[in-house]
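Asker: Structure in structure tokens, see below.
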Amino acid sequence: MVKYNISPETMLCDCCYDSHINVPQLDYHICYRNIGLLPEVLKPIIFRRFCFKAMAKNKKHDPAICKEIQQAWKWVLIVCFGYTGYRNARFGRIECHESITAFARDILLDAVKVSEQVGYKVLHGIIDSLWVKANKKNSDPFKLSRMISKKTGIKVDVEGRYKWIVFLPNKQFDVGALNRYYGLFNDGKLKVRGIELRQRNTPDFLRDVQRNILNVLKEANNTKEFYDLVSVAANTILDSGKRVIDSMNELNKLVFKNRISRYVTEYKVNNLVKSALLQLRDLGIQVEPGQYVQYIVTNEHSRNYKNRVCVVESITGDEKIDVDYYLRQIAKCAESLLIPFGYTLENLKNYLLKLKYKEKMYGSILPRVRIKQTCF
């Protein structure tokens with residue numbers, strides 16, 4: 001937006017029909033004589049964010065505080081971008097939004113070309129991120145970032161080098177998801193996106209299920225070691241299943257938290273959220289759209305809303321949970337991480353049910369199956 005002077009009053013201006021700033025793939029020109037409002041406002045914000053990013057890496061400053069401040073500036077910038085396409089924005093203009101995304105696509109394609117020209121394999125790219133794999137072990141990612149910056153005119157940073165990374169498939173379609181992955185940096189830090197561990201409505205108990213799996217996988221230093229640990233990681237769900245069956249979990253760790261989008265009278269489907277809202281209404285508690293309801297599941301298949309769930313406000317500590325429901329949630333969380341390796345919801349759930357009925361189990365949950373290479 002700053003580099004190309006993108007602002008509502010600079011788009012398709014009357015003074016620069018011969019402008020050299022043309023939006024790729026779109027028949028738009030941008031003013032080059034007058035600096036727009038948005039670039040003028042955003043330029044110092046971008047500078048401040050880069051300053052705090054640099055300070056976060058300096059031991060003289062508090063890394064945690066600097067990281068939070070630069071993250072706050074990042075969200076200001078994101079809102080500025082989104083506001084250009086908001087239909088009720090006072091200073092919005094859809095051509096701005098279209099131009100920003102057009103330039104972003106063009107920049108990402110240029111980054112891909114530069115990477116491939118110098119011998120990198122491009123694994124994935126989305127919005128403002130690019131994952132590449134070097135053909136040589138002594139490759140220099142910082143040199144590559146400088147080359148991309150020089151080509152595109154946009155500053156590119158190296159976030160880190162991964163020991164391994166897994167790109168997860170889309171839950172609805174048999175294709176790779178753009179924003180679901182997990183990987184291990186060389187410094188031992190995990191990065192996860194798009195899984196239940198990152199979602200606010202996930203109970204603490206189910207977060208622990210995925211943490212246990214990832215804690216096993218993070219012991220791998222390369223792709224080969226990763227594949228050798230997959231079956232070991234899968235078997236960690238057995239301990240989680242036993243805790244559910246034996247009622248060893250504190251009830252507050254099993255609480256689901258959902259943001260509601262409408263009033264209870266507007267729900268047409270009798271789902272768990274509606275059952276929780278009906279219970280709250282009985283207690284005289286009015287929940288507005290945008291607020292949260294919290295509950296544990298006691299009998300998913302009951303037709304009586306009073307028996308299906310128990311809202312946090314009514315928990316006494318003596319409630320019995322729906323074991324089958326929670327076992328299925330464990331299987332779903334494990335599937336999210338392990339489905340590329342042949343572990344499906346059905347076989348994970350069936351294996352957990354064997355625990356419930358005390359059937360004999362032999363070996364691991366499932367022979368490791370490598371459907372296709374999804375770990376790099």
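Asker: Any idea how many residues of the range 127-156 are closer than 26 Å to A220 by Cα and not small (G, A, S)? Steps first, answer last, please.
Answerer: Here is the first cut: in the range 127-156, the residues closer than 26 Å to A220 by Cα are 129-142.
Remaining after also requiring not small (G, A, S): 130-133, 135-138, 140-142.
Number satisfying all stated conditions: 11.
Asker: Using the structure shown, decide if R370 is in contact with a helix residue (DSSP H, G or I) (Cβ under 9 Å, 6 or more places away or on another chain), assigned to a loop (DSSP other than H, G, I, E, B), modelled with pLDDT under 95 and not hydrophobic (A, V, I, L, M, F, W, C).
Answerer: yes
Asker: Pick from the range 1-42 the residues that are out of contact with any Phe, Trp or Tyr (no Cβ under 6 Å at 6 or more places or on another chain) and among the small types (G, A, S): which of them is nearest to G92 (Cα to Cα)?
Answerer: Checked the range 1-42; the qualifying residue nearest to G92 (Cα to Cα) is S7.
Asker: Please indicate, with yes or no, whether at least one residue in the range 212-230 is more than 22 Å from K189 (Cβ to Cβ) and modelled with pLDDT under 95. Working first, answer last.
Answerer: To start, the set of residues in the range 212-230 that are more than 22 Å from K189 (Cβ to Cβ) comprises none.
No: the range 212-230 contains no residue that is more than 22 Å from K189 (Cβ to Cβ) and modelled with pLDDT under 95.
Asker: From the list D246, D204, D208, pick out the single residue that is acidic (D, E), touching a residue at least 12 places away in the same chain (Cβ under 8 Å) and over 16 Å from L337 (Cβ atoms). Show your work before the answer.
Answerer: Values: D246 fails: touching a residue at least 12 places away in the same chain (Cβ under 8 Å); D208 fails: over 16 Å from L337 (Cβ atoms).
One residue alone meets the criteria, D204.
Asker: Quick one: is I94 without any contact (Cβ under 8 Å) to a residue 40 or more places away in the chain and in contact with a Gly (Cβ under 7 Å, 6 or more places away or on another chain)?
Answerer: Working: without any contact (Cβ under 8 Å) to a residue 40 or more places away in the chain: yes; in contact with a Gly (Cβ under 7 Å, 6 or more places away or on another chain): yes.
Spelling it out, I94 is indeed without any contact (Cβ under 8 Å) to a residue 40 or more places away in the chain and in contact with a Gly (Cβ under 7 Å, 6 or more places away or on another chain).
Asker: Same structure again: Report those strands (runs of 3 or more DSSP E) wholly inside the range 161-231 carrying at least 2 residues which are crowded, with 18+ Cβ neighbours inside 10 Å and under 17 Å from the mean Cα position of the chain (by Cα). Even if it seems obvious, please write down each step before you answer.
Answerer: On the way: elements: 162-169, 176-185, 190-193.
Here the list reads 162-169, 176-185.
Asker: Within the range 29-54, work out how many residues are touching a Pro at 6+ places or on another chain (Cβ under 8 Å) and either among the aliphatic types (A, V, I, L, M) or not in a loop (DSSP other than H, G, I, E, B) (or both). First the steps, then the outcome.
Answerer: Here is the first cut: in the range 29-54, the residues touching a Pro at 6+ places or on another chain (Cβ under 8 Å) are 36-38.
Narrowing the set further to residues that are either among the aliphatic types (A, V, I, L, M) or not in a loop (DSSP other than H, G, I, E, B) (or both) leaves 37-38.
Summing the residues that are touching a Pro at 6+ places or on another chain (Cβ under 8 Å) and either among the aliphatic types (A, V, I, L, M) or not in a loop (DSSP other than H, G, I, E, B) (or both) in the range 29-54 gives 2.
Asker: Name every residue in the range 1-27 that is polar (S, T, N, Q) and part of a loop (DSSP other than H, G, I, E, B), in order of residue number.
Answerer: Here is the first cut: in the range 1-27, the ones polar (S, T, N, Q) are 5, 7, 10, 19, 22, 25.
Within the range 1-27, N5, S7, T10, S19, Q25 meet the criteria.
Asker: Here's a follow-up. Restricting attention to the range 116-141, and to residues there that are of a type in the set (S, T, Y) and at pLDDT 90 or above, which single residue is nearest to F167 (Cα to Cα)? Give the steps one after another, and end with the answer.
Answerer: Start the filter on the range 116-141 by keeping residues that are of a type in the set (S, T, Y), which leaves 120, 129, 139.
Next, from what is left, pick out any that are at pLDDT 90 or above: 120, 129.
Details: Y120: 18, S129: 14 Å.
So the residue we want is S129.
Asker: Another question about this same structure. Name the pairs: first residue in the range 152-169 and more than 19 Å from V192 (Cα to Cα), second residue in a loop (DSSP other than H, G, I, E, B) and of a type outside the set (G, A, S), Cβ to Cβ under 7 Å, at least 6 apart or on different chains?
Answerer: Close Cβ pairs (under 7 Å, with a partner that is in a loop (DSSP other than H, G, I, E, B) and of a type outside the set (G, A, S)) amount to G153/K3; I154/K3.
Asker: Give the residue that is farthest from the chain's Cα centre (by Cα), with candidates limited to residues of the range 259-300 that are loosely packed, with under 14 Cβ neighbours inside 10 Å and assigned to a helix (DSSP H, G or I).
Answerer: My answer is D282.
The values are calculated or read from the model by the stated rules, or taken from the named source; none is laboratory data. Everything numeric here is computed off the predicted structure, so don't read it as measured data. Using ideal geometry, Cβ is built from the backbone for each residue, glycine included, and neighbour counts are taken over all protein chains shown.
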